[in-house]
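Everything below concerns the one structure shown next.
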Amino acid sequence: QVQLVESGGGLVQAGGSLRLSCAASGGTFSNYAVGWFRRAPGKEREFVAALNWNGAVTYYADSVKGRFTISRDNAKNTVYLQMNSLKPEDAAVYYCAVRENTMPTMRINHYTYWGQGTQVTVSS
């Protein structure tokens, strides 16, 4: 069983940056792929970024490629999402999730454990 807690969300102006953190406890976090997803009001949850167990393999949604960077520190059981050049359309609740596999995918239903989410608001 893995527990996840996201933090780092908040209000930022368009063009600004935020860094989200996902702290894990329980389970063997360092063996698992981790993903970030988001859900905007009135929309379904969507994939944002993911990485494999050691961070060597990363995937990004086209909408965030070149602006967001996912990384992890297994010594701290933490995954990060650095978000730069934020746009109003990036506003959403951001969730991290763990897949019980070393390799990530972009599919929501491939992830087993989920955090409660952290709100990101981008003002124009």
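The values are calculated or read from the model by the stated rules, or taken from the named source; none is laboratory data. Just so you know, these numbers come straight off a predicted model, no measurement behind them. Cβ placement follows ideal geometry from the backbone for every residue including glycine, while neighbour counts extend to all protein chains displayed. Quick note on the areas: whole protein, heavy atoms, side chains included, nothing else; ligands and nucleic acids left out. Shrake-Rupley method; radii C 1.70, N 1.55, O 1.52, S 1.80 Å.
Only one entry of 112, 118 meets the criterion of being at pLDDT 95 or above and buried (at least 17 other Cβ atoms within 10 Å of the Cβ), and that entry is 118.
For the stretch 101-108, state whether one or more residues are out of contact with any Pro (no Cβ under 9 Å at 6 or more places or on another chain) and open to solvent by less than 20 Å² (accessible area, probe 1.4 Å).
Here is the first cut: in the stretch 101-108, the residues out of contact with any Pro (no Cβ under 9 Å at 6 or more places or on another chain) are 101-108.
Okay, now just the ones that are also open to solvent by less than 20 Å² (accessible area, probe 1.4 Å), so 104.
Scanning the stretch 101-108 turns up at least one residue that is out of contact with any Pro (no Cβ under 9 Å at 6 or more places or on another chain) and open to solvent by less than 20 Å² (accessible area, probe 1.4 Å).
Would you say residue 93 is farther than 22 Å from residue 52 by Cα and assigned to a strand (DSSP E or B)? Judged against the criteria, residue 93 is a match.
Is it fair to say residue 49 is open to solvent by less than 60 Å² (accessible area, probe 1.4 Å), closer than 14 Å to residue 99 by Cα and in a strand (DSSP E or B)? If you could, list the steps in order and put the result at the bottom.
Details: open to solvent by less than 60 Å² (accessible area, probe 1.4 Å): yes; closer than 14 Å to residue 99 by Cα: yes; in a strand (DSSP E or B): yes.
Answer is yes for this residue.
Output the residues belonging to the stretch 8-40 that are open to solvent by 50 Å² or more (accessible area, probe 1.4 Å) and without any contact (Cβ under 8 Å) to a residue 40 or more places away in the chain. Hit for the stretch 8-40 is 28, nothing else.
Scanning the stretch 84-100 for residues that are over 15 Å from residue 39 (Cβ atoms) and either touching a Leu at 6+ places or on another chain (Cβ under 8 Å) or buried (at least 20 other Cβ atoms within 10 Å of the Cβ) (or both) returns 86, 98, 99.
Can you confirm whether residue 81 is open to solvent by less than 60 Å² (accessible area, probe 1.4 Å), modelled with pLDDT of 95 or more and closer than 16 Å to residue 46 by Cα? When the stated conditions are applied, residue 81 passes them. Checking each residue in the stretch 3-46 for being at pLDDT below 95, in contact with a helix residue (DSSP H, G or I) (Cβ under 8 Å, 6 or more places away or on another chain) and either over 19 Å from residue 108 (Cα atoms) or part of a loop (DSSP other than H, G, I, E, B) (or both) picks out only 30. The set of residues in the stretch 52-61 that are in contact (Cβ under 8 Å) with a residue 12 or more places away in the chain and surrounded by fewer than 20 Cβ atoms within 10 Å (Cβ to Cβ) comprises 52, 54, 55, 57, 58, 59, 60, 61. If the condition is being of a type in the set (A, V, I, L, M, F, W, C), in a strand (DSSP E or B) and closer than 20 Å to residue 31 by Cα, then the stretch 56-85 contributes 70, 79, 81.
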